[in-house]
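Notes for the one structure printed next.
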Amino acid sequence: MIARRHLRRFRPHLQVFSGRFRHFLAATSRSIWFTRSSGCMAMPELLYPPLKTKVSSIPDLSYQRLSAKISGEVFGGDLMSGFTRDVVSTPNAPKAIGPYSQAIKANGFIFISGQVPIDPATGNLIEGGIEAQTEQVLKNLSAILQAAGSSWEKVVKTTVFLKSMAEFGQMNEVYGKTCKNAPPARSTVEVARLPKDVAVEIDVIALA
């Protein structure tokens, strides 16, 4: 543990409130490293050198470097700088019918909301069993992927929601026609009920 005299000595110069993406730095005219996940100081010896000493040699790339200059003010490390978030929308897939987007493109990834077998041309559910419904869901996902500038080859994860696991085989056969080579990771779960009482819903995570 750090001796109280050290804490008293540097309390006017440095205040840290740990927490994910919450870092408030008092000006100290030095470079400081924090763990990106927990926000805790990576080097306890940070409190020991004189104020003008810089801690600049940490090989682990999982640390986020934050800098503060002596100015008598408190600075917050802007960990969200460079963050991008764009809404993806296309008329070739069912319109969002609630407070959500068809997809979000963020920092090189595309997160597609769960799609159900709705024909975007009519806005109605298609007729047919699990095979026809799965095919329509995949068409809707393909349209959104294309609108986002991606493709099935860039899909890294899907989640399939089935009303009945007894229909897994039929769904899987249709699904396999779209995801052939190096298929993405996938989770398949049976649920009690799906929107509009459809038989299948699928969501996707892909690379942009």
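The numbers here are math on the coordinates, done by the rules we state, and not lab data. Note that the structure is predicted; figures quoted are calculated from it, not measured. Neighbour counts run over all protein chains shown; Cβ positions are idealised from the backbone, glycine included.
Once you list every other residue whose beta carbon is under 14 Å from the beta carbon of residue 136, what net charge do they have if Lys and Arg are +1 and Asp and Glu are -1?
Computed value for this residue: -2.
Using DSSP to define loop residues, name the chymotrypsin sites (Phe, Trp or Tyr not before Pro) in the range 83-132 whose beta-carbon has at most 16 other beta-carbon atoms within 10 Å.
83, 100
Quick one: which residues, 5 or more positions from residue 188 or on another chain, have an amide H under 5 Å from its amide H? H modelled 1.01 Å from N in the peptide plane, none for Pro or chain starts.
Answer set, sorted by chain and number: 160.
So what J values fall out for the range 105-115 if you push phi through Karplus, 6.51 cos²θ - 1.76 cosθ + 1.60 with θ = phi - 60°, rounded to Hz, Gly and Pro as x?
Each residue's phi maps through the Karplus curve to give 9, 9, 6, x, 10, 10, 10, 9, 5, x, 10 Hz.
Around residue 109, which amide H atoms from residues at least 5 apart in sequence, or from another chain, sit under 5 Å from its own amide H, with H modelled in the peptide plane?
Residues meeting the criterion, in which the H sits 1.01 Å from N, are 208.
Residue by residue through the range 144-156, what is 3J(HN,Hα) from phi via Karplus (6.51 cos²θ - 1.76 cosθ + 1.60, θ = phi - 60°)? Round to whole Hz and write x for glycine and proline.
Working through the residues one at a time gives 6, 4, 5, 5, 8, x, 10, 7, 5, 5, 9, 6, 10 Hz.
What does the net charge come to around residue 161 if you take all other residues with beta carbon closer than 15 Å to its beta carbon, with K and R at +1 and D and E at -1?
Once all neighbours under 15 Å are counted, the net charge is 0.
List the GluC sites (Glu not before Pro) within the range 101-152 that fall in a DSSP loop (any state other than H, G, I, E or B) and whose Cβ has at most 15 other Cβ atoms within 10 Å.
Details: sites: 127, 131, 135; in loops: 127.
Counting only loop positions with at most 15 other Cβ atoms within 10 Å, the GluC sites (Glu not before Pro) in the range 101-152 are 127.
Around residue 208, with a cut-off of 15 angstrom between Cβ atoms, what is the net charge of the other residues, counting Lys and Arg +1 and Asp and Glu -1?
Once positives and negatives cancel, what remains is +2.
For the range 86-103, in order, what is each residue's ³J(HN,Hα) by Karplus, 6.51 cos²θ - 1.76 cosθ + 1.60 with θ = phi - 60°, in whole Hz (x at glycine and Pro)?
10, 7, 9, 9, 8, x, 8, 9, x, 5, 5, 10, x, x, 8, 10, 4, 7
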